[in-house]
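Structure first, then comments.
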Amino acid sequence: MLQNRGKKPVPLYELVKQHILARVKSGEWVDGTRLPSEQGFVKALGVSRMTVHRALRELFDKGLVTRLQGVGTFVSTPQQRSPLIEIRDIADDITARGHRHSARLVKLEAVRADPELAAIFEIKKGANIYHSVIVRFEDALPVQLEERFVTPTFAPHYLEQDFSSLTTTQYLQSIASATEVAHAVHAIRPNPRTCKLLAIDPAEACLLVTRQTWVNTVPATKSMFTYPGSRYSLDNRYKLSESATG
């Protein structure tokens, strides 16, 4: 049971937060630990479910826990690392340059997982997986072909979103931040479908960035981003931690 021990009363939701953070600090709950359910906290701490919900929401807003719908809430401690390629929203980059971002939705659908997707998402072959294809424009020029596969477990309402006004990155990060990311970068020649969607010549050299994300070891997304080499470039600058080496 939670008790106010100080001279000044502390809101119960703050006591719930302190209770969780104390167990994280002690090492009892390490990064990735699945927390008790809201009802579990209610029974253990003798508070209302509304109090627990507010405490977890505020911890989530600060990035101290992640919440995976239908799976649970997990400890998420800050990591001292700098990724080679950050998860950035291309809309922010385009706007920062003083240009206008727009998008054309090509596909937004549920598909059956083939053997490759089943292995990536650790699901049964033939299980539902969400799929989107979007062309992104800088002013009137197509600069990125985005193709994503998203597990319904991570984003059950993915197909209900209006991705003409909301970017997929914005929506997915509003659910939970990735705790693990894998990137690969390749130089490719575009296939006829890519040429048509990006309005480029078959001889155009393109950059293909593939990205897979996990949230607390659970596969969440698999994405492919194709950029025409003559229209777009990727760059990044970041500070290395003191312990980092070449």
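The values are calculated or read from the model by the stated rules, or taken from the named source; none is laboratory data. What you see is a predicted model, and the numbers here were worked out from it, not measured in a lab. Don't worry about glycine lacking a Cβ; one is built from the backbone with ideal geometry, like all the others, and counts go over all protein chains shown.
Here is a check on your reading of the model: is Gln3 at pLDDT below 90, of a type in the set (S, T, N, Q) and surrounded by fewer than 13 Cβ atoms within 10 Å (Cβ to Cβ)? Please lay out each step first, then the result.
Details: at pLDDT below 90: yes; of a type in the set (S, T, N, Q): yes; surrounded by fewer than 13 Cβ atoms within 10 Å (Cβ to Cβ): yes.
Against the criterion (at pLDDT below 90, of a type in the set (S, T, N, Q) and surrounded by fewer than 13 Cβ atoms within 10 Å (Cβ to Cβ)), Gln3 qualifies.
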Problem - Evaluation of Ser132 against (1) surrounded by 14 or more Cβ atoms within 10 Å (Cβ to Cβ); (2) more than 28 Å from Leu68 (Cα to Cα); (3) out of contact with any Pro (no Cβ under 6 Å at 6 or more places or on another chain); (4) not aromatic (Phe, Trp, Tyr) (one fails), failing number - result: (2)
Problem - Long-range neighbours under 9 Å by Cβ, at least six apart or interchain, first residue within 13 Å of Glu38 (Cα to Cα) within the stretch 69-82, second at pLDDT below 75 - result: Phe74/Leu68
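Within the stretch 184-221, track down each residue that is under 22 Å from Ala118 (Cβ atoms) and not hydroxyl-bearing (Ser, Thr, Tyr). Working first, answer last.
Initial filter on the stretch 184-221 (under 22 Å from Ala118 (Cβ atoms)): 184, 210-221.
Ala184, Arg211, Gln212, Trp214, Val215, Asn216, Val218, Pro219, Ala220, listed by residue number.
If a residue has to be within 17 Å of Ser37 (Cβ to Cβ) and charged (D, E, K, R) to count, how many in the stretch 11-25 make the cut?
As a first pass, look at the stretch 11-25 and keep what is within 17 Å of Ser37 (Cβ to Cβ): 13, 16-17, 19-20, 23.
Then drop every residue that is not charged (D, E, K, R), which leaves 17, 23.
Final tally of qualifying residues: 2.
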Completion exercise
Note on Ala176: of the conditions (1) surrounded by fewer than 18 Cβ atoms within 10 Å (Cβ to Cβ); (2) among the small types (Gly, Ala, Ser); (3) touching a residue at least 40 places away in the same chain (Cβ under 8 Å), unmet is (1)
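Could we say that Ser132 is at pLDDT 90 or above, under 30 Å from His19 (Cα atoms) and assigned by TED's automatic domain parsing to the domain that holds Gln212 here? Working first, answer last.
Details: at pLDDT 90 or above: yes; under 30 Å from His19 (Cα atoms): no; assigned by TED's automatic domain parsing to the domain that holds Gln212: yes.
Considered against the rule, which asks whether it is at pLDDT 90 or above, under 30 Å from His19 (Cα atoms) and assigned by TED's automatic domain parsing to the domain that holds Gln212, Ser132 comes out as no.
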Practice task
Determine whether the stretch 16-31 contains at least one residue that is surrounded by 13 or more Cβ atoms within 10 Å (Cβ to Cβ), farther than 20 Å from Thr179 by Cβ and either of a type in the set (Lys, Arg) or in contact with a strand residue (DSSP E or B) (Cβ under 7 Å, 6 or more places away or on another chain) (or both).
Solution key: yes
